[in-house]
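Here's the structure, in structure tokens; my notes come after.
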């Protein structure tokens, strides 16, 4: 199991692309944890591989992340420090932030025109009938 | 001589992992680059400037750059073919020219940040060890790190000539005198005079006199 999760992909071994080290991580950012076999220091424990958490601390080479871990019957919010190589920004938050921006813009436009625009997201409706 | 198995067969190519392009081209040392460019995460967006000295056959390039995901951004660059335009004559790849280029770089750079004239650096060329001290209440001296690229960092290398020029000009670059010409590795002493002669091009002038006398 960990044999495959911690190993590098086919033809992607060796030197790590330096963009991994260039990311800026701030407190509150939501990040995905994915262990990288090339960098042995700061590796997350295998149970956090694939988990997503929120950054609560940033050190020189690592970020402290609050992750949910299910232990038997309960879910604990655990705080772990993970090296930069094993982290990447989660895109899960992006769609929400984009939605917030669009809403703000819609609100401004609606205010100018003195209309009311529904802002809540609607799930995709069933397709239109075609004969 | 029987049949020899072909090493570079289809299976070989299917499994072959190419190195990074710049590594294949022999232009970048990723081991060094990783260590030079990574900024501590708790310094967030603060750029880490590096002074890149590239010695080519006819020119020496001093560049100050910082790393960006889209690609390195060069803040300032000086070339040894510039001093002749300012009236400084001589060879373009000797120690004196390289020192001058470093000096020019150090004087040109604070201009970009609007903080020139705060740090003058060393006014007299003595070849001695000099480290800029930050003045309280003013922006700190410009700090960067030397990037020798793929050059072999032997003592007396031109890379360090440019370094000395930049440091004397007022940049704050971590260094020691061990690799400057004039350092005796046996006695662990730094001979300032020898270094100064190299900076002033005296070694070239002396050799020319010697050659002329020989004839």
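Things to note:
- Across the stretch A:55-64, the qualifying residues are those that are surrounded by fewer than 16 Cβ atoms within 10 Å (Cβ to Cβ) and assigned to a loop (DSSP other than H, G, I, E, B), and the one among them that is farthest from the other protein chains (Cβ to nearest Cβ) is A:59.
- Candidates A:30, A:24 - the one that is more than 11 Å from every other protein chain (Cβ to nearest Cβ) and either touching a residue at least 12 places away in the same chain (Cβ under 8 Å) or over 30 Å from residue B:14 (Cα atoms) (or both): A:30
- Sole exception among (1) surrounded by 16 or more Cβ atoms within 10 Å (Cβ to Cβ); (2) within 14 Å of chain B (Cβ to nearest Cβ); (3) in contact (Cβ under 8 Å) with a residue 24 or more places away in the chain for residue A:35, by number: (2)
- Residue under evaluation residue B:201, criteria (1) under 23 Å from the mean Cα position of the chain (by Cα); (2) modelled with pLDDT under 85; (3) at negative phi, criterion not met: (3)
- Of all the residues in the stretch B:79-95, those that are modelled with pLDDT of 85 or more and exposed (fewer than 14 other Cβ atoms within 10 Å of the Cβ) number 0.
- Unmet criterion (only one of (1) under 30 Å from residue B:15 (Cβ atoms); (2) more than 14 Å from chain B (Cβ to nearest Cβ); (3) modelled with pLDDT of 95 or more) for residue A:52: (1)
- Test: residue in the stretch A:6-15 that is more than 8 Å from chain B (Cβ to nearest Cβ), in contact with a helix residue (DSSP H, G or I) (Cβ under 8 Å, 6 or more places away or on another chain) and not in a loop (DSSP other than H, G, I, E, B): no
- When the stretch A:24-49 is filtered for residues that are within 17 Å of residue A:1 (Cβ to Cβ) and either in a strand (DSSP E or B) or touching a helix residue (DSSP H, G or I) at 6+ places or on another chain (Cβ under 8 Å) (or both), the ones remaining, listed by number, are A:33, A:34, A:35, A:36, A:43, A:44, A:46, A:49.
- Note on the stretch B:103-144: residues that are surrounded by 16 or more Cβ atoms within 10 Å (Cβ to Cβ) and not in a loop (DSSP other than H, G, I, E, B) total 9.
- Residue in the stretch B:12-30 that is farthest from the chain's Cα centre (by Cα), counting only those that are assigned to a helix (DSSP H, G or I) and surrounded by 10 or more Cβ atoms within 10 Å (Cβ to Cβ): B:12
- Scope the stretch B:38-78; condition loosely packed, with under 15 Cβ neighbours inside 10 Å, within 13 Å of chain A (Cβ to nearest Cβ) and not in a loop (DSSP other than H, G, I, E, B); matching residues: B:42, B:43, B:73
- Of all residues in the stretch A:65-92 being surrounded by 17 or more Cβ atoms within 10 Å (Cβ to Cβ) and in a strand (DSSP E or B), the one that is farthest from the other protein chains (Cβ to nearest Cβ): A:67
The values are calculated or read from the model by the stated rules, or taken from the named source; none is laboratory data. Everything numeric in this text was worked out from a predicted model, so none of it was measured. Cβ: placed from backbone, ideal geometry, glycine included. Neighbour counts: every protein chain shown.
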